[in-house]
Amino acid sequence: MFFFFFQAEDGIRDAQESRGLGDVYKRQELDTALAAQGYTLDAPALLMHRPKGCDIPREQGNIEVSDSFNPEWMRFFVSAKGLDDSYARTFEYMLCHILPERRFILKTEGGLTVGCVLAVYERGFTGLFDLYVDEAHRGKGLGLSLVQQALVEGARINCPEAYLQVDETNERAIRLYRGMGFEVAYRYWYRYSAALKL
């Protein structure tokens, strides 16, 4: 089975309006045509941006920060997300080969890892990826502390702006990010078809 993916973004932005996040061109006509052809909408998400000039959070406690690949970070993330071994091996390979500066950040409680986030630092930006808090520990502000620590690390190395992506239906996370100064830069989604064959 062959999957064809198409990514689309809402709106047109030029380099000045994009705040360094890159140009986005309207592809509405193509997206409409793909929808009419039966391509399925998948993974609508928001890209959120936190401009420089926002307050820098304070250092967080019970957090482990590593600038090299962290096997415990990988173990927790793979286990929490229920990833199979082949995906886990590919993911580990990718993580080990991230060229820009990065931090593998873990939150612990009572000696147990309960949350993680990956931060990548490049050209003045902190990119936040793979934020995850164990379901039994949600609602305690742990996700907030992970993001805050990633921002603290970014401020140390002159990466004061930040960006992340979030599922557009994750209202709880969106409220958290807005409370930290993040705003929606744009919305994007994918379309796919399993009907195409090579």
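The values are calculated or read from the model by the stated rules, or taken from the named source; none is laboratory data. Fair warning: this is a prediction, and the values are worked out from it, not measured in the lab. Glycine also receives a Cβ, built like all others from the backbone with ideal geometry; neighbour counts cover every protein chain displayed.
Can you find a residue in the range 132-148 that is part of a strand (DSSP E or B) and not aromatic (Phe, Trp, Tyr)? The answer is yes; a qualifying residue exists.
Among the residues of the range 153-177, those that are under 16 Å from residue 54 (Cα atoms) and in contact (Cβ under 8 Å) with a residue 60 or more places away in the chain comprise 153, 155, 160, 161, 162, 163, 164, 177. Among the candidates 190, 163, 186, single out the residue that is in contact with a Phe, Trp or Tyr (Cβ under 8 Å, 6 or more places away or on another chain), assigned to a strand (DSSP E or B) and modelled with pLDDT under 95. Exactly one residue qualifies, and that residue is 190.
Scan the range 41-51 residue by residue and report those that are charged (D, E, K, R) and either modelled with pLDDT of 95 or more or crowded, with 17+ Cβ neighbours inside 10 Å (or both).
Our first condition is that a residue be charged (D, E, K, R); within the range 41-51, this holds for 42, 50.
Residue satisfying the conditions is 50 alone.
Looking only at the range 147-198, which residues are farther than 15 Å from residue 127 by Cβ, crowded, with 18+ Cβ neighbours inside 10 Å and among the charged types (D, E, K, R)? Result: 191, single match. Of all residue pairs spaced 6 or more apart or on separate chains, those with beta-carbon atoms under 8 Å, a first member in the range 128-152 that is more than 21 Å from residue 82 (Cα to Cα) and a second member that is surrounded by fewer than 21 Cβ atoms within 10 Å (Cβ to Cβ) and of a type in the set (Asp, Glu) are 149/59; 152/59.
When residue 169 is tested against (1) β-branched (Val, Ile, Thr); (2) touching a strand residue (DSSP E or B) at 6+ places or on another chain (Cβ under 7 Å); (3) over 22 Å from residue 79 (Cβ atoms), just one condition goes unmet, and that condition is (2). With respect to the conditions (1) under 18 Å from residue 177 (Cβ atoms); (2) at pLDDT below 95; (3) surrounded by 14 or more Cβ atoms within 10 Å (Cβ to Cβ), residue 31 falls short on a single one, namely (1).
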